[in-house]
Amino acid sequence: MFRSPNTYFFKNNDPYAYGVNQLKKQFKWTISALLSTEYYAGSDYGKIYSERRADGKSKIYVDQKDLEDRLQLQFMDLNEDVTKFLVGATGVGKTTLIRNFFKVFGRDVVEENGNLIIYVSLYSMVSAKENIPEKSLISAIDSSVREAITYISGLKYIDRLKQYDDQFYSDFFDFIEINNNHLIHLYPESPEYTEKLKLGNPKKTILNYIMSTAALDYDLSLLKYYIHIGNDKQFQNLIFIIDDIEGLNLEHTNIIVETMLHVKKCLQAKRTNLDDLKMSDAPFLKDRERTYNVKTLIAARNYSFRNIRWERKRTAYREINRSDVILKDTVPPLSEIINARVNCLENNPHILEKYVKKQVFIDESKKLIYILKNLYGKYDDMLLALTHNNIFLSMKLLMRIITNKQFVGKDEIDIKGAFDIDPSIYSSVSNKKDVAPFSNDDVFFALSYGEGNMYVDGDDYYLTNIMHYKKHYEIDTRILGIYIIQNLISSNMYFDKNGYDFELSIEGTEISNRILELFNFPSKDEVESFKKGLTLMLKHLYEGGILLQSIIEPKYDDAKDYKREYCPDMKIYLSRRGVKLYEMLGLNSLLMQVYRDDIDTDLENNDVGTVNLNPVNRILYIIQYVRGLFEIEAGYLRLVNDKEKYYTSMGSQFATVILMRGIKESIDTYYVVSSEREQIVKAYNDLAKDMEEFICDYNEADTYKFENVENVI
């Protein structure tokens, strides 16, 4: 009977949840401090995490030289007016990079190295509601402009306003008339309004009208006025930073972008040539021309940036060039991020102020830190890759592992109602009798199952099943997920440390067609079935975050929907998560063992969960399952039109060869002293022999040689 162990199991727990046991209770305060996202003054950890190093950066900041150099070269060093987009996935640390690179840790205007920096965080300035009026968004930016004016003037806001007299209005009117003459002509020529000009200071009357009808343009002119004549400072760059546009509904992001482009245009406009002016008309202008560059940096998540590109192309018929994008595509090692926080907390007395039992907190923190340091660096890349470089979620996954009682903390016991953590058992080498240090399989199962005992695949789940999609039993999808991934890797359309998703993306239908054309199926029905299987797997892999849509070449306007929805003709590429899961299949059989809970078979024990299955039966089950997969793959390979083209399109490793490599590594690691090793090795080598014979025949007389299977000795 075809079924999977989780056929009647429904997963409803948070995959990023910590353990529900005494381990979690012991460490709850320290975990809360380490995972805090509060950086602002007034928050619990704001005064701690906002403390500075000697170079002015936060004490918990881990330097990111490559990204900082990229910002310096592609933004700061440009001697021109520019608008750039800092783009990256959710949680990769865009805001952290911005705050530390530009030294903007609050809402105040900052002057740094001859640059005037105006930081606008829309997350806290505008409520995230769908019915936000456009004027509220513009007002949020306008208030930051007014704050910059106040900073340059050197006066408090009220004092600045009180200082305005007839001479100021006269000079400012002349300045606008020279710089932005169109604003003057906003004033109506009707008898009612022209009559008002006779009642008082006409220049002030016109300026007040401009301020009431075009407030942002008025304030931008005022900012230019103060920079030109209101102070003795000359700025190299006038920088606007727009952050947290995700605090808005997606449909409003384009309003922000268009407004900031307008801001740049207003501030960059050069005044009329002074040679053409009579100094008697504007003696205060002297000989000062604009010396500063106007620069705007807009931070956006991938899906928001896709929406911005789509909206500008559709409504404004303007493109955003690839050179306008600075990618936040890397993050520091996870262990360094946590270590920086640990050191900050260890050496800061303020952290203890909120705790009644301070010594308990200190003792618990030391134990947790001891355990963390034994894990530092060992799983950094895996955790970051599985969460698409989301730093916060990766730290939560690490804490999920540490607080797991079933696997990692399996030797911790309750003694007379108390629960005392023994950090020594978390060392890579345990000196205690009958206590084995936790190993990779303990860590991996803790990550996969948490406190549960069953794996269930789901949308955007960090362990998306890349081998099989079981929800349509009439369509066979076995192996096809690996085929899709192999084709993308062979085409270099995948996330790595040297690239992203600019040029290297492809339509889903093209992936399907390229794989389909490798085979010569005997009937139209088989062609249609294979094609449907590829389509189902493409959809499943996209919804699970294995495939991601290109940020540069968006296909659809999905601005009002956060949910991933696959469209066959959208441009996609292989994510870092997809690359990592594919690599993990060949490292050992642990990932395939977890997937086993989700895969329908007619094998014995197909209703018993992986963690409840005897380890020997577990590996034997996997070997038997791969035998069935090899029969399917061999059937496909016999239908290949051109072996050389297949080699080029799919690489040198058959899908089942990769799986066998992982199984071999597991046998050599976990079954070295097993009494059933002989039985396990025989089952493996028997399958390896059959596969070897097929591959040798397949390679005969061909230039391109596919890799063979290694025996277990």
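The table for this structure:
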quantity	calculated
Pair K645, N113: separation of 7 Å Cα→Cβ label points (nm)	5.4
Heavy atoms of Y582 accessible to a 1.4 Å probe, total area in Å² rounded to 10	40
Area accessible to solvent at D66, 1.4 Å probe radius, in Å²	120
Ranked order, L480, L536 - accessible area, probe 1.4 Å, largest first	L536, L480
Difference of contour (0.36 nm per residue) and Cα-Cα distance, K28 to E510	168.6 nm
Exceeding the 24 Å Cα-Cα cut-off - candidates K59/K233; K532/K580; K328/K571; K25/K367	K59/K233; K532/K580
N79/E474 FRET efficiency (R0 45 Å; Cβ-Cβ; nearest 0.05)	0.10
Longest exposed-site-free window of the chain, the sites being GluC sites (Glu not before Pro) in a DSSP loop that have at most 11 other C-beta atoms within 10 Å	320-473
Area of H182 that stays accessible when all protein chains are in place (1.4 Å probe, Å², to 10)	110
Sparse-neighbour loop sites [trypsin sites (Lys or Arg not before Pro); segment 562-645; at most 14 other C-beta within 10 Å; DSSP]	K563, R638
Percent accessible area from carbon and sulfur atoms, the chain, protein chains only, probe 1.4 Å	49
FRET efficiency for S323 and E604, using Cβ-Cβ distance with R0 set to 60 Å, rounded to 0.05	0.50
Solvent-accessible area per residue, Å², over the chain with all protein chains present [probe radius 1.4 Å]	45
Computed over segment 597-713, Cα set: Rg, Dmax in Å	15.6, 47
Full-extension gain in nm, S523 to E692, via 0.36 nm per residue minus C-alpha separation	57.9 nm
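The values are calculated or read from the model by the stated rules, or taken from the named source; none is laboratory data. Computed from a predicted structure; not experimentally measured. A quick note on method: Cβ atoms are made from the backbone with ideal geometry, for glycine too, and the neighbour counts reach across all protein chains shown. The area values use the complete protein model at the heavy-atom level, side chains included, leaving out ligands, DNA and RNA. Shrake-Rupley method; radii C 1.70, N 1.55, O 1.52, S 1.80 Å.
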